[in-house]
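See structure below.
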Amino acid sequence: MAEDRATLSEIATAAGVSVPTVSKVLNGRPDVAPATRRRIQDLLDRRSYTARRAPSMPGAAGLIDLVFRDLGSPWAMQILDGVEELAYRAGVGVVVSAVHGRSRTRPDRRWIEQLSKRRCDGVLLVLSDLSPSQQVQLDELGIPVVIIDPAGQPGAGIPSVGATNWSGGVAAAEHLLDLGHHRIAVIGGPPTVPCSRARVDGYRAAMNAANRKIPAGYIRHGDFTSPSGYREMNALLDLAQPPTAVFACADEMALGAYEALYERGARVPDDISIVGFDDLDSARWAAPPLTTVRQPLAEMAGMATRMLLSLIAGEGLDSHRIELATPLVVRHSTRRVP
């Protein structure tokens, strides 16, 4: 008589392997050692285990979930465009949702339940992460995950695609230093978000390499939005010795800084040079056009989608951690110190 049906976690424990390894066997993935595969398969057979989801076409994706931390920005729209373009060519549908609550980085419990009901084949997380229990649940469902611009350190075995944020921060600060600026401030995003920390750390590294002291109050933190850039630019202008240049770690914050300067009667770049980060479409149409670090958002999204479709097809990945380059795009919001 077969033993009572176990959970995937119990199968993994009995086999002495991880839950993702059992999931690979269930989904026909080739990257499991033959002896390990036989041991797991024997346990699955004895426990009469069957996967809780069964795609109508094994190895073919029909529907993927795209989960944003925040949908209300041009940044998110560029990611969406990159995913949709590749998914459309592959004949794959995309369900878009957002993590509710600005302080949250993880989808809630209901999302997992809905994911299972709509028979999703894979998940793309944007500036989000998963709890350990959520990772186990997705493994049990046989649903692979790829993270775009991770909000934290991705769990073991979860692929991610990001950008060279530290190098971008270095490039922004070095550009301003090369123009002769000494008093350079930075408006970072939330200090808890890795991409924001990396950009600010890149700025610090460039300033230290040039032996430039960073005055007190010159490192500010917003939340990547225009209102926070407006607020922190005003705080910088209220200092006894305001900066002559500002690196805003997101184009939206740079445009908020523009508004603060305009209200104070200051001109960009005659009075203060501004550098952004992202190279959103709005950057080139700003007045003056914004010098910024280009984050290849659509390319990141396309790369992550290709990786996810490969995992769904049971194929291996050449790399689980990919970072795309962030070149500086010089326009008219920066100028040499007279």
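Values for this structure:
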| read-out | value |
| --- | --- |
| S103 of a type in the set (G, A, S) and at pLDDT 75 or above | no |
| Answer residue from the stretch 204-239, given it is out of contact with any Gly (no Cβ under 9 Å at 6 or more places or on another chain) and either among the aliphatic types (A, V, I, L, M) or not assigned by TED's automatic domain parsing to the domain that holds I274 (or both) and is nearest to Y258 (Cα to Cα) among those | L237 |
| Of the criteria (1) assigned by TED's automatic domain parsing to the domain that holds I143; (2) surrounded by fewer than 20 Cβ atoms within 10 Å (Cβ to Cβ), which one R336 fails | (1) |
| Odd one out for G276 among (1) surrounded by 15 or more Cβ atoms within 10 Å (Cβ to Cβ); (2) within 25 Å of the chain's Cα centre (by Cα); (3) over 20 Å from G222 (Cα atoms) | (3) |
| R220 more than 24 Å from the chain's Cα centre (by Cα) and under 22 Å from V337 (Cβ atoms) | no |
| Scope the stretch 68-86; condition under 16 Å from M303 (Cα atoms) and touching a Ser or Thr at 6+ places or on another chain (Cβ under 6 Å); matching residues | V83, L86 |
| Cβ-Cβ under 8 Å pairs, at least 6 apart or on other chains, the stretch 144-161 side over 14 Å from P194 (Cβ atoms) and not assigned by TED's automatic domain parsing to the domain that holds Q134, far side modelled with pLDDT under 75 and of a type in the set (S, T, N, Q) | none |
| Residues located in the stretch 306-328, provided they are of a type in the set (S, T, N, Q) and at pLDDT 95 or above | T326 |
| Scan of the stretch 268-285 for residues that are out of contact with any strand residue (DSSP E or B) (no Cβ under 6 Å at 6 or more places or on another chain) and either β-branched (V, I, T) or over 10 Å from D251 (Cα atoms) (or both), ordered by number | P269, D270, D271, I272, R284, W285 |
| Helices (runs of 4 or more DSSP H) wholly inside the stretch 1-85 containing at least 3 residues that are modelled with pLDDT of 65 or more and among the small types (G, A, S) | 8-15 |
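Yes or no, residue by residue, for (1) surrounded by fewer than 20 Cβ atoms within 10 Å (Cβ to Cβ); (2) at pLDDT 95 or above; (3) touching a His at 6+ places or on another chain (Cβ under 9 Å); (4) over 19 Å from R294 (Cβ atoms):
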residue: A151; (1), (2), (3), (4): no, no, no, yes
residue: A156; (1), (2), (3), (4): yes, no, no, yes
residue: S160; (1), (2), (3), (4): no, no, yes, yes
residue: S167; (1), (2), (3), (4): yes, yes, no, no
residue: E174; (1), (2), (3), (4): yes, yes, no, no
residue: D178; (1), (2), (3), (4): yes, yes, no, no
residue: I187; (1), (2), (3), (4): no, yes, yes, no
residue: T192; (1), (2), (3), (4): yes, no, no, yes
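The values are calculated or read from the model by the stated rules, or taken from the named source; none is laboratory data. Values in this document were obtained by computation on a predicted structure and should not be read as measured data. Note that we place each Cβ from the backbone using ideal geometry, even for glycine, and neighbour counts take in every protein chain shown.
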